[in-house]
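The structure under discussion appears below in the form of structure tokens.
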Amino acid sequence: MSRNRVIVAVLIVLTLFLLSRITGPNFKYRVEKSGQGFTLSHKAPRTSEGTGPARLDLEVAGDASSITALDLVGHPARDPSKKEAFPPASITGQAGGPHVYHFEVPFHPWTTKYLYVFQARLQNGQTVQLDRKGQPMMVRFRGEVPPFTLGLHILGMFGGFLLMVLGAFAAADFLRGRGDAKPVIRLGGWGWLVFAIGGLPLGFLMNWYAFRVIWEAWPFGADVTDNKTQVALAIYGLGLLAFLWKKNRAAAWLVLAGTAVAFAVFIIPHSI
């Protein structure tokens, strides 16, 4: 395996890793909204770990004298009828500078998605609402995943896919008559095994720590993350088995197709 191909494979995996971070549930984003001489700003945490309340901060900069009240208004995603409003639990800041209003949403059962916006009521009777492009923001309650478990899970998933990509390069060489079957079987086999370890036993642990469930893929559930892991393992594994059995061009194409499916499922946003 040439050095250039390893570099390309690493770049592909790093790109997917960054994409999964940006679209994943732990990526924090900031929203802002300007009012009468003031600016509301919020950095959305997206997850609340543990059994305590979700702590959500709202920063108010500028002249806030026109504001008579600030509230967090929200409800569980599955039950809009339970709409509720919370005043700030505490306020921090210095005179003449921005103030941070700390809100607390009471603990909800793990897996609960809580939708919320901030509202500033003004002296003239108007209301300035801070949301995300017209839609409420979301925080999800979940358990704490130990960093060691999370690190091994990430290493298994992306390390396995790196080997799959290298196996796909070997399959492409086989199709062009420039290589034999051994590199495809060796790299693809190790890739599938490492990917499976990262996605199954370590995935089980991730689910247990986060939601107190083991596996929510079909036919047990409809969790996106578990289902996409299951699909990637099944399709790539079938392609690899076909290549082990036949070692012909059609089977090599199945290995490439399995790699493409594995690539595609990484693009689907993570649910945990």
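Quick check on my filter: what residues within the stretch 114-128 are without any contact (Cβ under 8 Å) to a residue 24 or more places away in the chain and small (Gly, Ala, Ser)?
Result: 125, single match.
From the residues in the stretch 218-262 that are closer than 30 Å to residue 169 by Cα and outside any helix (DSSP H, G or I), which one is most open to solvent (accessible area, probe 1.4 Å)? If you could, list the steps in order and put the result at the bottom.
Taking the stretch 218-262 and keeping what is closer than 30 Å to residue 169 by Cα, we get 224-262.
Subset that is outside any helix (DSSP H, G or I): 247-248.
Details: 247: 93, 248: 61 Å².
Selected residue: 247.
Go through the stretch 57-72 and give me each residue that's closer than 20 Å to residue 140 by Cβ and either surrounded by fewer than 16 Cβ atoms within 10 Å (Cβ to Cβ) or of a type in the set (Asp, Glu) (or both). Explain how you work it out, then say what you get.
Our first condition is that a residue be closer than 20 Å to residue 140 by Cβ; within the stretch 57-72, this holds for 57-58, 72.
Residue satisfying the conditions is 57 alone.
Six or more apart or on different chains, Cβ under 8 Å: which pairs go from a residue in the stretch 194-212 that's on the phi > 0 side of the Ramachandran plot and in contact (Cβ under 8 Å) with a residue 24 or more places away in the chain to one that's of a type in the set (D, E, K, R) and open to solvent by 10 Å² or more (accessible area, probe 1.4 Å)? Could you list them?
Within 8 Å, no pair qualifies.
Could you check, for the stretch 2-15, whether at least one of its residues is closer than 30 Å to residue 146 by Cα and among the basic types (Lys, Arg)?
Among the residues of the stretch 2-15, not one is closer than 30 Å to residue 146 by Cα and among the basic types (Lys, Arg), which makes the answer no.
Just wondering, is there one or more residues in the stretch 81-89 that are under 30 Å from residue 208 (Cβ atoms) and modelled with pLDDT under 95?
Yes, there is a match, as at least one residue in the stretch 81-89 is under 30 Å from residue 208 (Cβ atoms) and modelled with pLDDT under 95.
Can you find a residue that is under 26 Å from the mean Cα position of the chain (by Cα), open to solvent by less than 70 Å² (accessible area, probe 1.4 Å) and under 19 Å from residue 40 (Cβ atoms) anywhere in the stretch 76-98?
Checked the stretch 76-98: no residue is under 26 Å from the mean Cα position of the chain (by Cα), open to solvent by less than 70 Å² (accessible area, probe 1.4 Å) and under 19 Å from residue 40 (Cβ atoms).
Which strands (runs of 3 or more DSSP E) sit wholly inside the stretch 1-120 and have at least 3 residues that are farther than 30 Å from residue 263 by Cβ and of a type in the set (Gly, Ala, Ser)?
54-62
Take the residues of the stretch 34-56 that are of a type in the set (Val, Ile, Thr) and surrounded by 12 or more Cβ atoms within 10 Å (Cβ to Cβ): which is modelled with the lowest pLDDT?
The residue in question is 47.
How many residues does the stretch 162-186 contain that are without any contact (Cβ under 8 Å) to a residue 40 or more places away in the chain and assigned to a helix (DSSP H, G or I)?
Qualifying residue count for the region: 4.
So the check is Cβ under 6 Å with 6+ separation or different chains; which pairs have a first residue in the stretch 97-113 that's in contact (Cβ under 8 Å) with a residue 40 or more places away in the chain and a second one that's aromatic (Phe, Trp, Tyr) and not in a strand (DSSP E or B)?
Once the first residue is in contact (Cβ under 8 Å) with a residue 40 or more places away in the chain and sits in the stretch 97-113, its partners that are aromatic (Phe, Trp, Tyr) and not in a strand (DSSP E or B) give 110/211; 111/211.
What's the number of the condition residue 136 fails, among (1) buried (at least 17 other Cβ atoms within 10 Å of the Cβ); (2) at pLDDT 95 or above?
Just one mismatch for residue 136, condition (1).
The values are calculated or read from the model by the stated rules, or taken from the named source; none is laboratory data. Everything numeric in this text was worked out from a predicted model, so none of it was measured. Cβ: placed from backbone, ideal geometry, glycine included. Neighbour counts: every protein chain shown. Ligands, DNA and RNA are stripped out before the accessible areas are found, and what is left, the full protein with its side chains, is counted by its heavy atoms. Shrake-Rupley method; radii C 1.70, N 1.55, O 1.52, S 1.80 Å.
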